[in-house]
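A short write-up of the structure that comes next.
The values are calculated or read from the model by the stated rules, or taken from the named source; none is laboratory data. Because the structure is a prediction, the values reported are computed rather than measured. Counting neighbours? That spans all protein chains shown, and the Cβs are built from the backbone with ideal geometry, glycine included. Surface areas here come from the heavy atoms of the whole protein model, side chains and all, with no ligands, DNA or RNA. Shrake-Rupley method; radii C 1.70, N 1.55, O 1.52, S 1.80 Å.
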Amino acid sequence: MHLKFNLSKKILSWYDNNKRSLPWRVSKNSPKKLYYRLLSEFMLQQTQVKTVIPYFNKFTKRFKTLKELSKCSEKEILKLWEGLGYYRRAKNLLTSSKLLVKEYKSKLPDEIKEIKKLPGVGDYTANALLGLVHNKPAIAVDGNVKRVFARLFNKQEVKINFEKFIRLNKKNLFNTKRNSDFVEALMEFGALICKPKDPKCSICNLNKTCKYFNSSNKVTNNKNKMIKNKNYDVFCYINKKKQIALTKTNNLGFLSEFNLPQIKETNSKDKKINWKFLKSYKNSISNLKLNINLYYKFSNKIPSTYNWYLLKNNKEFIPSFTKKIFKQVSTLF
Ligand code: SF4
């Protein structure tokens, strides 16, 4: 798979005329560059641009610099992150910002293996930061970029070794002094032109050389997420003060480490003595489709691993999954 045309030149010329104005795109010499890029790259993992923008603005209003962010408490960062999901990102962002401030004097290391030492930073984010912050030749291979490369050769993504492809074509790909823009331009091109469904081939400036466009046998990459159905029983202790008891002792893959009522996979053999059924509803988290059966019990006595939380006006961080439980239980009052 050899590129036979100047891809960076074509993509950059498209980008210069079509790029979106996004709040983390600051000038190359801006002192905020590392902070804005780190924050946005963490937020953009698994999340769409339009969802991220208000959160990015909220964070940068509250914390003006990376140093300010690094001093924030875990409790506060989780509260600010509330609703954005994948909460481990917030914790990793905080730890990464502390490391950068303390160990690297608020600078990004310029070696990929050093950048990857930051928690929550894998190959993709490390390459994105290396290119975006240091203008080094790097390509952040996300879903958008994989799709563009695969379509240019009309191949299935799973059959391409992208690392090898980049190595083989590095002279062509990094034939620019604008590596930082190129990293971003490729992703932007995949998001806006070479879209997953209905790529805009007729206005694409790569269409003359694109094998997908010029082929009568177009290879498609259907990547429907495998949806897993799970059935859970949720048991809520509540009291007359409109409080609910939560614990961190649930051993669930999703939302582990967070405060939740007791949750168990539904088992018809389990006897639910003294628990009253409230309602059943559905909740989706990533590729999990959860069927929830909600039970409750008024009680002033709770196991020692639980604490009481107000159902309304709670100042603690509450993930959306738990908020939905709060909403259902509140109907009892
Ligand atoms: S011609 Fe179509 S498929 Fe090919 S790169 Fe452009 S948008 Fe993608």
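Descriptive notes on the structure:
- First in region 189-206 and in a loop (DSSP other than H, G, I, E, B), second anywhere and near the ligand (Cβ under 6 Å from one of its atoms) and open to solvent by 60 Å² or more (accessible area, probe 1.4 Å), Cβ under 7 Å, 6 or more apart: Ile193/Lys200
- Considering Val141, Val121, Val101, the condition of being modelled with pLDDT under 95 and either surrounded by fewer than 22 Cβ atoms within 10 Å (Cβ to Cβ) or in a loop (DSSP other than H, G, I, E, B) (or both) is satisfied by Val141 alone.
- Matching residues in region 87-123 - criterion: being within 14 Å of the chain's Cα centre (by Cα) and in contact (Cβ under 8 Å) with a residue 60 or more places away in the chain: Tyr87, Gly120
- Among (1) polar (S, T, N, Q); (2) in a helix (DSSP H, G or I); (3) open to solvent by 20 Å² or more (accessible area, probe 1.4 Å) - the single one Asn175 does not satisfy: (2)
Residue by residue, here is whether (1) within 30 Å of Asn313 (Cα to Cα); (2) in a helix (DSSP H, G or I) holds:
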position	(1), (2)
Gly83	yes, no
Leu93	yes, yes
Lys105	no, no
Lys117	no, no
Leu132	no, yes
Pro137	no, no
Arg147	no, yes
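- Those residues of region 261-300 which are among the hydrophobic types (A, V, I, L, M, F, W, C) and closer than 23 Å to Ile227 by Cα, in sequence order: Ile263, Ile285, Leu288, Leu290, Ile292, Leu294
- The one condition in (1) exposed (fewer than 14 other Cβ atoms within 10 Å of the Cβ); (2) of a type outside the set (A, V, I, L, M, F, W, C); (3) assigned to a helix (DSSP H, G or I) that Asp181 fails to fulfil: (1)
- Residue within region 161-183 that is within 30 Å of His134 (Cα to Cα), within 16 Å of the ligand (Cβ to nearest atom) and of a type in the set (Gly, Ala, Ser) present: no
- Note on region 201-229: among residues that are under 28 Å from the mean Cα position of the chain (by Cα) and open to solvent by 90 Å² or more (accessible area, probe 1.4 Å), the one that is farthest from the ligand (Cβ to nearest atom) is Asn229.
- Pick from region 184-200, criterion surrounded by 14 or more Cβ atoms within 10 Å (Cβ to Cβ) and near the ligand (Cβ under 6 Å from one of its atoms), ranking: farthest from Ile166 (Cα to Cα): Pro199
- All conditions but one from (1) modelled with pLDDT of 95 or more; (2) open to solvent by 40 Å² or more (accessible area, probe 1.4 Å) apply to Lys75; the one that does not is (1).
- Taken as a whole, the structure places Lys19 among residues that are under 30 Å from Asn205 (Cα atoms), of a type outside the set (S, T, N, Q) and in contact (Cβ under 8 Å) with a residue 40 or more places away in the chain.
- Qualifying strands (runs of 3 or more DSSP E) (wholly inside region 238-333; at least 3 residues being open to solvent by less than 80 Å² (accessible area, probe 1.4 Å)): 243-247, 276-285, 288-298, 306-310
- When region 75-119 is filtered for residues that are touching a helix residue (DSSP H, G or I) at 6+ places or on another chain (Cβ under 6 Å), under 30 Å from Ser284 (Cβ atoms) and among the charged types (D, E, K, R), only Arg89 remains.
- Matching option when the condition is more than 30 Å from Leu69 (Cβ to Cβ) and either in a helix (DSSP H, G or I) or open to solvent by 50 Å² or more (accessible area, probe 1.4 Å) (or both), among Leu12, Leu34: Leu12
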